[in-house]
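Heads up, the thing below is written out as structure tokens.
The values are calculated or read from the model by the stated rules, or taken from the named source; none is laboratory data. Being a predicted model, the structure only gives us computed values, none of them experimental. Note that each Cβ is placed from the backbone with ideal geometry, even for glycine, and that neighbours are counted across all protein chains shown. Just so you know, the surface numbers come from the protein's heavy atoms only, side chains and all, with ligands and any DNA or RNA stripped out. Shrake-Rupley method; radii C 1.70, N 1.55, O 1.52, S 1.80 Å.
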Amino acid sequence: MIPAPFDYAAPESLDEAIAALGQGGEDAKPLAGGHSLLPLMKLRLAFPTLLVDLRRVPGLTGIERENGSFRVGAMTTHHQVATGGLGLASAAAATIADQQVRNRGTIGGSLAHGDAASDMPAVLLACEGEVTARGSGGERTIAASELFQDYLTTALAPDEVLTEVRIPAMEGYGFAYEKFNRRVEDWAMVAVCALVKRAGDGSCEDVRVGLTHMGSTPLRATMVEEALRGGGLDADAVGRAAEQAAEGTSPPADLNATADYKRHLARVLTRRALETASKA
Ligand SMILES: Cc1cc2nc3c(=O)[nH]c(=O)nc-3n(C[C@H](O)[C@H](O)[C@H](O)COP(=O)(O)OP(=O)(O)OC[C@H]3O[C@@H](n4cnc5c(N)ncnc54)[C@H](O)[C@@H]3O)c2cc1C
């Protein structure tokens, strides 16, 4: 439970942080809330030789509404997102762990960590959001669909700091977040987020379904979406579409659930999430 030795830097500007990460190379890691990185280090599953603490870097926290999106600073905590009036993103952030974790863990840390069992990645994917990253090569935006590449692997380069998350406000969409776990504050065995927009005649104008912990990255349930888009949203249509929620997924079996049980959960949670989102 004691990490391997490491150096620590607490830069006071983003440029200094990027320079420190560049000097540290592949073995340097940004430190945000520390609630994923430090447990991995204590278990000796991660061995960074340098931690670059982002907490003194100005301009990385806060939530602003701009042009139909929420701009969320990477160091904004889960608690701030949960209480920030961001619709689906707030609903999902409120389910993360307990209040202590939500007070320290950050949205940027969660997305940069790239754990398919985390709650925020599938939400960003379903909302078709993006992140901004800055490194020695300059600034770039990365769409959620490009960010998550594999288990704990993202498109971020080692010297890049994720600075901002842009989440479309999804105006006119009903939303729901369904998370299944053994104890209230646990990670998701499976979670499903749904966003539904009805047309004037009540039919489904648009629908998004995001899946958590159903593969090595967060996923969209595209077959469910295709089955519903442009059609009715009655109980039969939703139930039939939800039956396809596990198509194309490869959920990891673990101590909590077999892969088959997770597929079952995905179907049930998708139906529930769609029912709630289409009533809102
Ligand atoms: C007991 C417990 C229960 C939890 N339950 C849940 C849960 O139910 N759902 C859930 O989603 N999460 C859960 N978490 C994880 C929690 O949400 C973490 O806060 C989050 O995954 C990581 O955020 P962090 O700010 O702590 O990042 P850190 O641990 O500091 O960093 C995580 C990784 O991201 C990198 N990183 C961090 N910030 C940046 C940045 N700005 N730019 C580039 N790279 C960066 C780090 O180098 C590291 O590799 C739990 C954690 C604990 C300890």
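Here are the numbers for this structure:
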quantity	calculated
Solvent-accessible area, 1.4 Å probe, carbon plus sulfur percent, for the chain	48
C-alpha center-to-center spacing [segment 58-120, segment 261-280] in angstrom	23
Global geometry of the chain, whether rounded, prolate or oblate, following the gyration tensor of its Cα atoms and the 1.5 cut on a/c	prolate
Accessible surface, per residue, of the chain when the full set of protein chains is kept, probe 1.4 Å, Å²	46
Highest-fluctuation residue, Pro30, Pro48, Pro121 considered, GNM on the chain with Cα pairs under 10 Å	Pro48
Contour minus Cα-Cα distance for Thr258 and Asp206 (0.36 nm per residue)	15.5 nm
Label-point separation, Arg65 to Asp27 (7 Å along Cα→Cβ), nm	4.9
Cα centroid separation, segment 16-33 to segment 131-156 (Å)	15
Helix-only CD estimate at 222 nm, as mean residue ellipticity for the chain, using -39500 (n - 2.57) per DSSP H run (n ≥ 4)	-8500 deg cm²/dmol
Cα-based reach from Lys279 at 16 Å (exclusive), listing lysines while leaving out same-chain residues under 8 positions away	Lys197
Fluctuation leader among Thr222, Thr258, Thr132 - the chain, Gaussian network, Cα springs under 10 angstrom	Thr258
Neighbour count of at most 10 Cβ within 10 Å plus DSSP loop: longest GluC sites (Glu not before Pro)-free window in the chain	13-170
Label-to-label distance, nm, for residues given as Leu14 and Arg240 (7 Å Cα→Cβ offset)	4.9
Neighbour count of at most 16 Cβ within 10 Å plus DSSP loop: longest trypsin sites (Lys or Arg not before Pro)-free window in the chain	57-181
Hits among lysines - C-alpha to C-alpha of Lys179 under 17 Å, sequence gap 8 or more where chains match	Lys262
